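The values are calculated or read from the model by the stated rules, or taken from the named source; none is laboratory data. Predicted, not measured: the structure shown is a model, and the values here were computed from it. Using ideal geometry, Cβ is built from the backbone for each residue, glycine included, and neighbour counts are taken over all protein chains shown.
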Amino acid sequence: MTSLAHEFYFSEEILTSEQKHFQFQNVFLGHSSFVNKSQNYFVLPHTNDTKFLIHDGQNIEVLPNICKHRYATMLKGKGSCHKIVCPIHSWSYDLNGNIVNPTGIECESSTHSLEKESIDIYDGFIFPENSSALKNALKAAKKFTDIDFEKLNFFAHERFFVKVNWKSYMDTFLDNYHLEAYHPNFRTFLDSRYIESIFKDDFSVQAIHLREKPQIKTPALQAYLDCYNKYIGKFPEDYGAVWLCIYPNIIIEISQCFALVAIVVPESIDSCSIYEYRLVEEQFTQHQDFLKAFEKYMYEIEYEDHDLMTKIHQGRKVLYQQGNKHYGPYHPTKEAGQEQFHDYIRRIISGSSNNFHPVKTKVLSY
Ligand code: FES
Ligand SMILES: [Fe+2]
């Protein structure tokens, strides 16, 4: 079995097909902590600011952020409001999206109100009704982590622009073969030789242990551990990290009391945006030094990964341009997650070029 054909990363036709088949921006719709008080709103950046969460006093709702008059986007960022007012001609809506009749122009509640999205909330995570992958992945992750998803608190959002195909970003996340070679901390702290995995048709969960005698290689990791020690105590000895991939483009990384949610959205055939939402168990939200230390530790790994995926992108592009069809094999265990993801892509994208292999549901431990 060899990896995805080069055209998957460079063919405009395949990108068009992906955009038709995949709901890149609409599977993750936020977390209840984004709007934890009545009248709070939060515009979701990964939807291009076209959707927002609102706490109407009782429930959390997802509403379109597009005005029913001339379609302007209305709210920005996050905040609190008792009604939604469009900045262009001041049409306004109540917290349930119902239009408040503007004077001097005819409009009807049924056609000019904002339609609520049908949503489900599981452990604080919000997603469209009848879409089960995110929920099932969170359930499966509980085998490896006792983090309380519902009690997580949002503390930061950041957007990155990366000049690689969106699948190259996902591939890097799902490649456990590079860990020791490329990340100093994985050589001595996290043990990439023993990763437990759950593979399903539409998601995967992988859990990595700590080394038996962990050693710290970088100042960023040391600073994170010092803060952990200061606020929580002894560093847990079991799982160093738990990684969830909800196909096609949602990544959730759980490290101790932190969860990092990344939505990978293609911008063009060879660029993508990463929308990162950072959450922490609520009792630590005020400890700025702890949050900063965690972010620094994560940035270090992200920079290393960025460098790696750029190199792979560069080389693959040359082979694609030359029409060279050399495709390397998968490592049977350390690249199993990537292989599952590629199977999913092949299965969904019709007209795909190299071999089609149906995904099997399996649990691996190695
Ligand atoms: S575009 Fe919103 S009120 Fe006109
Ligand atoms: Fe990496």
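Would a scan of segment 88-97 turn up a residue that is within 13 Å of ligand 1 (Cβ to nearest atom), under 30 Å from the mean Cα position of the chain (by Cα) and either surrounded by 13 or more Cβ atoms within 10 Å (Cβ to Cβ) or more than 16 Å from Q39 (Cα to Cα) (or both)? Spell out how you get there, then give the answer.
Restricting attention to segment 88-97, the residues satisfying the condition of being within 13 Å of ligand 1 (Cβ to nearest atom) are 88-93.
With under 30 Å from the mean Cα position of the chain (by Cα) added as a condition, the list becomes none.
No: zero hits.
Which one is surrounded by the fewest Cβ atoms within 10 Å (Cβ to Cβ), of the residues in segment 14-39 that are more than 20 Å from E129 (Cα to Cα) and in contact (Cβ under 8 Å) with a residue 60 or more places away in the chain?
Taking the candidates together, the pick is Q19.
Does E300 satisfy the condition of being within 24 Å of I208 (Cβ to Cβ), within 16 Å of ligand 2 (Cβ to nearest atom), in contact (Cβ under 8 Å) with a residue 24 or more places away in the chain and of a type in the set (D, E, K, R)?
In short, yes.
Which one of these is closer than 16 Å to Y169 by Cβ and not charged (D, E, K, R): V280, V265?
V265
Could you check, for segment 66-76, whether at least one of its residues is more than 10 Å from ligand 1 (Cβ to nearest atom) and under 27 Å from the mean Cα position of the chain (by Cα)?
yes
Answer yes or no as to whether R159 is buried (at least 16 other Cβ atoms within 10 Å of the Cβ), in the same structural domain as R211 (by TED's automatic domain parsing), more than 16 Å from ligand 1 (Cβ to nearest atom) and basic (K, R). Please lay out each step first, then the result.
Details: buried (at least 16 other Cβ atoms within 10 Å of the Cβ): no; in the same structural domain as R211 (by TED's automatic domain parsing): yes; more than 16 Å from ligand 1 (Cβ to nearest atom): yes; basic (K, R): yes.
Answer is no for this residue.
V318 versus (1) among the β-branched types (V, I, T); (2) under 23 Å from the mean Cα position of the chain (by Cα); (3) farther than 30 Å from F34 by Cα: which is the lone unmet condition?
(2)
What are the residues in segment 156-180 that are assigned to a helix (DSSP H, G or I), within 10 Å of ligand 2 (Cβ to nearest atom) and of a type outside the set (F, W, Y), if any?
Within segment 156-180, T172, L179 qualify.
From (1) in a helix (DSSP H, G or I); (2) not assigned by TED's automatic domain parsing to the domain that holds E150, pick out the condition that doesn't hold for D120.
(1)
Would you please name the residue that is nearest to the chain's Cα centre (by Cα), looking only at residues in segment 51-65 that are free of Cβ contacts under 8 Å to residues at least 24 places away in the same chain and over 19 Å from E150 (Cα atoms)?
The qualifying residue nearest to the chain's Cα centre (by Cα) is F52.
From the list R193, R187, exactly one residue is on the phi < 0 side of the Ramachandran plot, part of a helix (DSSP H, G or I) and surrounded by fewer than 17 Cβ atoms within 10 Å (Cβ to Cβ). Which is it? Don't jump to the end; show me each part of the working.
Working: R193 fails: part of a helix (DSSP H, G or I).
The conditions single out R187.
Does F10 meet the test of being within 30 Å of Q321 (Cβ to Cβ) and in contact with a helix residue (DSSP H, G or I) (Cβ under 9 Å, 6 or more places away or on another chain)?
yes
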